[in-house]
Amino acid sequence: MPEGPSLVIAKENMLAFIGKKVTDAKGNAKIDKSLLVNQTITDIRTWGKHLLICFKTFSVRVHFLMFGTYLVNERKPSSLRLSLKFKKGELNFYTCSVRLITDPLDEVYDFSSDVLNEHWNARKAAYKLRADPIRSVCDILLDQNIFAGAGNIIKNEVLFRIRVHPKSIVGKLPAKKKSELIREARKYSFDFLAWKRNFELRKHWQIYTKKTCPRDHNPVTKEYLGTGKRRTFFCNQCQILYD
DNA sequence: ATACATGTTGGAGC
DNA sequence: GGCTCCAACATGTA
């Protein structure tokens with residue numbers, strides 16, 4: 001469930017609860033759940049991979065990490081991390097990280113660094129790349145401070161689309177490639193969102209988990225790259241190394 | 001069925 | 001203090 005577009009879909013699935021009052025809050029989340037009872041949801045937002053359930057004086061931040069799931073007006077046997085009940089309906093969260101945020105969200109988050117946000121600021125991203133030129137494009141694309149919402153699938157597919165080898169150093173990219181990277185990180189995220197909505201995301205993977213490059217039919221290389229040693233698929237022939 | 005994965009945090013060790 | 005490495009979290013999928 002994790003990458004940014006999936007969070008946008010999660011939010012959309014929960015919009016009906018805006019303006020609704022929590023009648024009960026349960027689950028093993030380590031927050032004071034009693035704070036939520038009798039509070040009304042004022043908004044539901046996302047920042048990257050964070051789902052933000054807003055109340056008048058605080059927000060509940062849900063991060064799904066790798067395996068988190070949620071159900072709207074449904075339950076499953078697994079243990080509940082957080083369950084919000086309403087007069088009509090319920091929101092259930094499993095295997096996720098739940099935190100209370102008491103500072104105003106606009107102080108906690110820079111929404112212009114969320115690739116899916118309407119306030120996305122490409123120039124700011126370009127500035128951040130210039131400020132940190134020696135990092136690999138692999139690490140840059142997973143940096144939530146620069147491309148909030150981008151995850152490992154987006155990383156792989158963006159690099160393939162712009163024909164950049166994942167071991168490239170961001171400062172060595174020609175200016176045109178750098179702006180292409182920034183543009184494509186956002187564009188692919190919206191494609192991801194549209195495909196995910198239609199349950200056809202996998203069908204559109206070009207390099208991620210692939211064995212053969214769809215461009216030149218050479219074998220795809222799989223390596224664990226970057227500081228997080230994340231699964232990276234690439235074509236050694238058509239993705240150019242800038243180092 | 002065993003291993004692995006769309007992610008992040010925090011602690012140990014240096 | 002700061003860096004890197006790794007366990008922990010916990011479950012669906014191949």
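The values are calculated or read from the model by the stated rules, or taken from the named source; none is laboratory data. Keep in mind it's a predicted model, so treat the numbers as computed, not measured. Because the Cβ atoms are built from the backbone with ideal geometry, glycine has one as well, and the counts that use them run over all protein chains shown. Note: accessible area is taken over every heavy atom of the protein model, side chains too, but ligands, DNA and RNA are not part of it. Shrake-Rupley method; radii C 1.70, N 1.55, O 1.52, S 1.80 Å.
Some points to look at:
- A:Ser112 within 16 Å of DNA strand B (Cβ to nearest atom), free of Cβ contacts under 8 Å to residues at least 24 places away in the same chain and among the hydroxyl-bearing types (Ser, Thr, Tyr): no
- Checking A:Phe67 against (1) away from DNA strand C (no atom under 16 Å from the Cβ); (2) among the aromatic types (Phe, Trp, Tyr); (3) at pLDDT below 95, the condition it does not meet: (1)
- The set of residues in the stretch A:54-68 being open to solvent by 70 Å² or more (accessible area, probe 1.4 Å) and either assigned to a strand (DSSP E or B) or of a type in the set (A, V, I, L, M) (or both) consists of A:Leu65, A:Met66.
- Residue match in the stretch A:28-44 (condition: within 14 Å of DNA strand B (Cβ to nearest atom), outside any loop (DSSP other than H, G, I, E, B) and not aliphatic (A, V, I, L, M)): no
- Boolean, A:Leu91 is more than 13 Å from DNA strand C (Cβ to nearest atom), surrounded by 14 or more Cβ atoms within 10 Å (Cβ to Cβ), in a strand (DSSP E or B) and among the aliphatic types (A, V, I, L, M): yes
- Across the stretch A:25-41, the number of residues qualifying as out of contact with any Gly (no Cβ under 8 Å at 6 or more places or on another chain), among the polar types (S, T, N, Q) and either modelled with pLDDT of 95 or more or surrounded by 15 or more Cβ atoms within 10 Å (Cβ to Cβ) (or both) comes to 2.
- Subset tally (residues that are part of a loop (DSSP other than H, G, I, E, B) and either among the small types (Gly, Ala, Ser) or in contact with a helix residue (DSSP H, G or I) (Cβ under 8 Å, 6 or more places away or on another chain) (or both)) for the stretch A:211-235: 4
- Members of the stretch A:190-210 that are part of a helix (DSSP H, G or I) and touching an Asp or Glu at 6+ places or on another chain (Cβ under 8 Å): A:Phe192, A:His204
- Of all the listed residues (A:Leu181, A:Leu193, A:Leu241, A:Leu225), the sole one being outside the structural domain of A:Asn121 (by TED's automatic domain parsing) and either in contact (Cβ under 8 Å) with a residue 12 or more places away in the chain or in contact with a Cys (Cβ under 6 Å, 6 or more places away or on another chain) (or both) is A:Leu241.
- Test for A:Ala175: is it open to solvent by less than 10 Å² (accessible area, probe 1.4 Å) and small (Gly, Ala, Ser): no
- Options A:Asn156, A:Asn145, A:Asn218, A:Asn198: the member that is closer than 13 Å to A:Pro5 by Cβ and out of contact with any His (no Cβ under 9 Å at 6 or more places or on another chain): A:Asn198
- A:Phe233 open to solvent by less than 70 Å² (accessible area, probe 1.4 Å), within 11 Å of DNA strand B (Cβ to nearest atom), within 21 Å of A:Asp114 (Cα to Cα) and aromatic (Phe, Trp, Tyr): no
- Scanning the stretch A:154-170 for residues that are aliphatic (A, V, I, L, M) and closer than 11 Å to A:Ala185 by Cα gives A:Ile154, A:Val158, A:Leu159, A:Ile162.
- Just one of the listed residues (A:Leu7, A:Leu71, A:Leu51) is crowded, with 21+ Cβ neighbours inside 10 Å and either assigned to a strand (DSSP E or B) or touching a helix residue (DSSP H, G or I) at 6+ places or on another chain (Cβ under 7 Å) (or both), namely A:Leu51.
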